[in-house]
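Since the structure comes first, as structure tokens, the remarks are kept for the end.
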Amino acid sequence: AVNMGDFKHLVIAKFKEGAVVEEVLKGMEKLVSDIDAVKGQDIESQEMLRQGFTHAFLMTFNKKEDFTAFVSHPNHVEFSATFSAAIEKIVLLDFPAVLAKAPK
């Protein structure tokens with residue numbers, strides 16, 4: 001099988017007024033550090049702020065199966081409930097990171 005590169009899980013969120021964002025972010029960090037399947041995580045917030053979103057979380061996995069295992073992991077299931085309660089609006093994108101060939 002051809003290795004298509006990493007699998008990415010992008011979460012763009014706007015937290016509710018009064019949500020304890022620091023607690024949610026701490027929970028996210030703990031979740032990521034506890035589960036080996038997650039290769040990396042970046043947090044940024046810039047362009048999408050114009051759309052009213054406040055945070056973006058990008059998680060990287062070796063393959064889609066690792067992501068699937070992550071989603072069903074008890075720690076993730078538990079954290080999702082906390083996370084969802086703090087969210088006003090959210091966009092979720094899951095995609096393989098496909099490397100485009102450079103033009104000749």
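The values are calculated or read from the model by the stated rules, or taken from the named source; none is laboratory data. Keep in mind that what you see is a predicted model, and the values were worked out from it rather than measured. Heads up: the accessible areas ignore ligands, DNA and RNA and are worked out on the full protein's heavy atoms, side chains in. Shrake-Rupley method; radii C 1.70, N 1.55, O 1.52, S 1.80 Å.
Taking segment 50-75 as the range and being within 23 Å of F15 (Cα to Cα), more than 13 Å from the chain's Cα centre (by Cα) and open to solvent by less than 80 Å² (accessible area, probe 1.4 Å) as the test, the residues that pass are G52, F53, T54, N75.
Checking every residue in segment 9-30 against the condition of being modelled with pLDDT under 85 and open to solvent by less than 80 Å² (accessible area, probe 1.4 Å) gives zero matches.
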